[in-house]
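Asks: This is the structure I have questions about; it appears just below.
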Amino acid sequence: MTTLLLIVWALLWAVGGIWLVRAFFRLPRRESWAIGLGIGLVIENWLANFLARLMPLPAAAWTAAGAIGLLGLIVIWLQKGRKRHLFHPLLPPWQLALTLLMLTGLFALAGRGLGIFDDYQNLPTVSLMAAGDIPPHFALNPDVRFGYHYFLLLIAAQVMRLGQLAPWNALDLTRSFVMALTLLLAGLWTRRLTRSALAQGLAIWFVALSGGVRWLLLLVPPSLVAGISKQIQLLGSAAQSGNTLAEAINAAWKIEGSGPFPFPFAFVSGLNNPLIMLLGGFGTSHILLVLLLILLAGRTRKPYAGLVFSMLLASLALSNEVTFALLYAGLALAGLVWLVYRRKPEIPSSLWQMAIISLVALLFAFVQGGMLTEVARKWLQPSETLDSSYFEVGFQLAWPPQFISAHLGPLHLSHPMQAFIAFLEIGPQIFVLPLLFIWGWKALKRQKWMEAGLIASAIFGLLSVFIKYEGTAGVTATTRLYGNLLIPCLLYAVPLFWLWAKQKKENVKVFLLASASLATFGGSVLLGIQILAAPQPVYAPFLSEMDAKMFARYWDKLPTQTLVFDPVGPRAPTIFGRPTRSNDTWYRPNSEWSELLTQPDPKALQQAGFDYIYTDKDYYKEHTEWLSQPCVILIEEVSGSKQQFNGTVPDYRRLLDIRDCP
């Protein structure tokens with residue numbers, strides 16, 4: 001029954017989105033179906049984000065989906081020849097529908113065997129949002145607002161609540177569908193530019209799998225790699241994979257939750273991982289939104305279609321605030337260059353429309369939640385925000401210019417060998433930049449502002465080599481500044497090289513195909529390893545089958561406004577949909593919790609605000625004298641086992657009530 005309800009909910013926003021696109025935009029049928037799916041999903045999520053502050057999340061989700069379906073029906077009914085417009089757009093081209101279904105299934109099956117990239121923060125946040133905490137607070141300290149890019153997580157929270165799924169399943173399904181739809185739209189974008197179905201298929205392949213080519217170091221003489229290693233500072237998971245680059249390049253990538261077969265360190269990148277590896281909190285949602293913006297730009301039938309663009313831009317701010325900010329910078333630069341180029345003071349109406357759309361979206365972004373809302377709040381209430389907002393943002397100039405790899409640290413462009421490593425981290429797609437800027441200039445002269453702005457934002461992405469991020473997320477978050485350089489290269493590489501090589505000799509085409517194969521080889525290896533993980537599903541690195549059973553019995557069942565003490569920080573918020581108070585950041589526990597962890601006196605825990613304890617067997621046995629006091633009431637116990645050395649040993653999970661401990 002719950003699966004049926006989830007399907008009905010999805011049909012409401014999907015059908016409504018297709019009708020809205022059909023009524024508001026001039027698009028061929030093969031594009032309107034897939035773009036309609038994207039528009040329906042985005043607008044439903046954007047509306048639900050506001051409605052969830054007024055009503056429970058299930059009601060907000062149904063209201064948002066119903067509103068889109070009803071609005072779509074009204075606008076399509078008012079069209080001439082409404083019978084044709086009513087049903088004809090809903091019939092999908094079978095090739096697109098089959099591709100979407102197959103890709104979603106492939107990514108979902110592969111994703112269920114992986115628990116990498118921030119599951120410790122995404123799963124607790126999804127669980128809390130599904131329980132009604134929207135905009136979300138920090139799962140490990142509910143007094144702190146979590147100004148996160150939670151666009152994708154909000155979709156997952158709705159899927160979790162309506163489908164009665166576990167957060168790990170809901171997030172895998174949501175991320176997989178968005179990734180598959182992103183690839184579908186990337187193919188349609190390429191086909192529009194090239195008018196070639198073959199180029200469309202190549203684009204899907206390239207966008208999915210292209211990335212850095214660090215693996216080429218395996219073909220370099222070891223003595224040269226050893227010399228380069230002396231100039232490289234390994235960071236994070238890379239430092240866990242080896243003491244030096246020369247050691248790590250031949251080793252497994254030691255990252256938590258990577259499945260039964262580890263990813264080779266040589267085939268990942270700290271700057272430009274393949275799209276199939278975008279398994280973090282925003283997944284590919286920002287690329288999906290960028291594609292929707294450029295696919296719809298210049299195709300409007302009605303002037304009030306501008307509101308759709310404002311919603312898309314505002315959603316981009318909630319998905320990836322860095323992409324949003326640099327896109328705005330690109331739009332401003334494009335407008336300025338156009339005015340200088342034309343040497344006329346008057347501003348064209350199309351530019352005025354773009355400015356109004358952008359301003360409306362910016363106002364939405366400042367009030368809808370997420371990072372930009374926290375930035376606006378900090379401007380307006382600087383003293384109030386110091387301790388009540390999770391993220392702190394800061395930048396400093398970097399000299400000499402450098403790319404910062406999340407694995408290999410600062411790579412100075414003034415140093416030839418480090419610049420070479422930076423190129424390997426980025427990959428061959430960067431070679432499309434000259435053609436990209438030429439295309440951007442042509443788009444600017446034709447007043448195609450969205451395309452011109454996106455391509456102009458690549459300039460700011462390139463200039464980010466002079467900037468280093470300082471803030472809560474750490475220096476490796478600087479890599480997000482390069483996104484507006486890499487995303488246009490990714491989306492335009494196949495169509496622009498296709499058009500350029502169309503009249504060239506065969507050897508040029510062979511060279512381009514070989515280069516594309518080089519760029520996608522690493523992604524192919526990584527996809528294969530993902531598929532190998534599919535038969536062995538996991539919950540998360542910090543969860544077990546016992547936790548899944550406890551989730552099924554007690555999620556969102558505990559009283560609201562309660563805290564659950566758990567020696568494993570993110571576990572209790574994920575399972576119960578209730579926060580804990582253990583950390584200052586995801587990586588740093590607070591001093592009070594650390595003291596309580598070693599001496600879990602129920603009375604002290606109660607005074608600290610905790611109402612329940614969730615514990616495993618080892619922790620309970622270690623602190624039996626505290627946890628077996630008369631005032632501690634056992635609510636539920638789930639028995640099971642855990643892996644230890646080469647076998648399994650008995651284990652359990654216990655939920656304890658300490659509200660009666662004075």
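Asks: Just the Cα atoms of the range 241-315: what Rg and Dmax do they give in Å?
Replies: Considering the range 241-315 through its Cα atoms, Rg and Dmax are 19.7, 60 Å.
Asks: Where does the chain land on Rg(C-alpha)/(2.2 N^0.38 Å)? Walk me through the numbers on the way to the answer.
Replies: Values: Rg = 25.5 Å, N = 662, 2.2 N^0.38 = 26.0 Å.
Cα Rg divided by the expected 2.2 N^0.38 Å: 0.98.
Asks: If pairing requires two Cys Cβ atoms under 4.7 Å apart, which cysteines of the chain are left without a partner?
Replies: Flagged as lacking a Cys partner: 489.
Asks: Roughly how tilted is helix 2-24, in degrees to the nearest 10 and between 0 and 90, from the longest Cα axis of the chain?
Replies: For 2-24 against the chain, the angle is about 20 degrees.
Asks: Can I ask one more? Using amide H atoms built in the peptide plane, which far-off residues or other-chain residues are under 5 Å from residue 395 H to H?
Replies: Here 470 satisfy the definition.
Asks: What is the Cα convex hull volume of the range 98-167 when expressed per residue in Å³? All intermediate terms of the calculation are to be shown ahead of the outcome.
Replies: On the way: hull volume 7.0 nm³, N = 70.
With only Cα atoms used, the range 98-167 gives 100 Å³ per residue.
Asks: When the scattering of the range 492-601 is computed by the Debye formula from its Cα atoms alone, each counted once and equally, what is log10 I(q)/I(0) at q = 0.10, 0.12, 0.19, 0.24 Å⁻¹?
Replies: -0.59, -0.67, -1.03, -1.25
Asks: Moving to a separate point now. Quick one: 3J(HN,Hα) in Hz for the range 303-316, Karplus 6.51/-1.76/1.60 with θ = phi - 60°, rounded, Gly and Pro as x.
Replies: Rounded to whole hertz, the list is x, 6, 5, x, 5, 4, 5, 4, 5, 5, 5, 5, 5, 4.
Asks: Quick one: what are the phi-derived ³J(HN,Hα) couplings along the range 641-657, Karplus 6.51/-1.76/1.60 with θ = phi - 60°, whole Hz, x for glycine and proline?
Replies: Couplings: 8, 9, 6, 9, 6, 9, x, 10, 10, x, 8, 7, 10, 10, 9, 10, 9 Hz.
Asks: Above 23 angstrom, tally the Cα pairs of the range 157-295 and express them as a % of all pairs, no decimals.
Replies: Working: 4837 of 9591 pairs.
More than 23 Å apart: 50 percent of the Cα pairs in the range 157-295.
Asks: What residues qualify as long-range amide H neighbours of residue 144, i.e. H under 5 Å apart, gap of 5 or more or another chain, H built at 1.01 Å from N?
Replies: 138
Asks: Still on this structure, please answer the following. Taking Cα atoms, how many degrees apart are the long axis of helix 416-426 and the longest axis of the chain, rounded to 10 and kept between 0 and 90?
Replies: Helix 416-426 sits at roughly 80 degrees to that axis.
Asks: For residue 50 and residue 307 in the same chain, what is the full-extension length gain: residue separation times 0.36 nm, less their Cα-Cα distance, in nm? Mind dumping the intermediate values first?
Replies: Working: separation 257, 0.36 × 257 = 92.52 nm, distance 1.60 nm.
Stretched out fully, the residue 50 to residue 307 stretch lengthens by 90.9 nm.
Asks: Among the aspartates and glutamates, select those whose C-alpha is under 14 Å from the C-alpha of residue 557, and discard any that sit fewer than 8 residues away in the same chain.
Replies: 611, 636, 657
Asks: Rank the residues 340, 126, 360 as a footprinting-exposure proxy: fewest other Cβ atoms within 10 Å of their Cβ go first. Walk me through the intermediate numbers first.
Replies: Working: 340 8, 126 34, 360 17.
The fewest-first ordering by Cβ neighbours comes to 340, 360, 126.
Asks: Sticking with this structure for a sec: Want the number for residue 557 to residue 639: 0.36 nm per residue separation, take away the alpha-carbon distance, what's left?
Replies: Working: separation 82, 0.36 × 82 = 29.52 nm, distance 2.01 nm.
This chain segment gains 27.5 nm when fully extended.
Asks: Where does the charge balance sit around residue 185 when Lys and Arg score +1, Asp and Glu -1, over other residues with C-beta under 11 Å from its C-beta? Intermediate results must be reported in sequence, preceding the final value.
Replies: On the way: positive: 191, 192; negative: 31.
Here the charged neighbours net out to +1.
Asks: Follow-up. Per 0.36 nm of contour for each residue apart, how much would the distance between residue 101 and residue 379 grow if the chain were fully extended, relative to their Cα-Cα spacing?
Replies: Working: separation 278, 0.36 × 278 = 100.08 nm, distance 4.49 nm.
Stretched out fully, the residue 101 to residue 379 stretch lengthens by 95.6 nm.
Asks: Turning to a different aspect of this structure: What aspartates and glutamates does residue 442 reach when the alpha-carbon gap must be under 15 Å and sequence neighbours fewer than 8 apart in one chain are set aside?
Replies: Within the straight-line limit of under 15 Å, residue 442 reaches these aspartates and glutamates: 451.
Asks: For the chain, which longest stretch is free of loop sites, where a loop site is one of the chymotrypsin sites (Phe, Trp or Tyr not before Pro) that DSSP puts outside H, G, I, E and B and that has at most 12 other Cβ atoms within 10 Å?
Replies: Values: sites that count: 587, 645.
The longest uninterrupted stretch comes out as 1-586.
Asks: Restricting to DSSP loop positions (anything but H, G, I, E, B) with no more than 13 other Cβ atoms inside 10 Å of their own Cβ, which trypsin sites (Lys or Arg not before Pro) remain in the range 188-275?
Replies: Values: sites: 191, 192, 195, 214, 230, 254; in loops: 195, 230, 254.
Of the trypsin sites (Lys or Arg not before Pro), the ones in loops of the range 188-275 whose Cβ has at most 13 other Cβ atoms within 10 Å are 195, 230.
Asks: Also, I was wondering about something else. Per 5 Å bin, what percent of the C-alpha pairs of the range 545-657 does each bin hold, from zero upward?
Replies: 2, 11, 23, 25, 21, 14, 4, 1, 0
Asks: Give the dimensionless ratio obtained when the Cα radius of gyration of the range 2-193 is divided by 2.2 N^0.38 Å.
Replies: On the way: Rg = 17.3 Å, N = 192, 2.2 N^0.38 = 16.2 Å.
Ratio of Cα Rg to 2.2 N^0.38 Å: 1.06.
Every number here is computed from the coordinates shown, using simple stated rules; none is lab data. Everything quoted here is computed from the prediction, not taken from an experiment. Cβ sites come from the backbone with ideal geometry, for glycine too, and all protein chains shown count toward neighbours.
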